[in-house]
Amino acid sequence: MTSNIPETIGIISATVPEQVSRRGTRGGDDTGGLLWEEETAITEVAGLKRTEVELDKLKQEMKGFIAAMREILDEAEPPNSKMRLDEVELSVEVNGEGKVSLLGIGGKAGGKGAMTFKFKRKD
């Protein structure tokens with residue numbers, strides 16, 4: 001029996017131009033010897049690219065992430081606590097190299113291609 005499980009999975013990620021910092025450098029224009037005082041950071045997305053990531057690598061990243069979250073959540077509830085942690089929802093993103101990261105933006109990442117993990121207490 002042959003398996004229909006692919007060896008790789010496609011990850012679509014944003015390509016962002018390199019950030020430029022101009023603090024304390026001279027510009028190309030002659031402005032009387034003044035130095036730039038502001039920093040310029042480019043934050044817009046330049047495009048999207050698809051990268052194939054080995055399924056085994058992604059599995060290892062996911063297993064490690066989930067194991068770390070379980071360990072953290074096990075310690076979140078002291079034994080003598082009067083309150084019980086019932087459910088935790090986390091937004092996670094996978095980059096083009098297969099690296100799994102917890103999103104720390106303080107809100108939902110609706111259109112950003114994030115996955116949501118819900119850890120719910122077993123009764």
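Bear in mind these aren't lab numbers, they're just calculated from the coordinates by the rules spelled out. This structure is a prediction, so every number in the text was calculated from the model and none was measured. Positions of Cβ are generated from backbone atoms using ideal geometry, with glycine treated the same way; all protein chains shown enter the neighbour counts.
Do any of LYS63/LYS122; LYS82/LYS120; LYS49/LYS118 go past 24 Å between their Cα atoms, and which?
Going by Cα-Cα distance, LYS49/LYS118 fall outside the 24 Å limit.
In the neighborhood of VAL88, defined by Cβ-to-Cβ distances under 14 Å, what is the net charge if each Lys or Arg adds +1 and each Asp or Glu adds -1?
The answer is -1.
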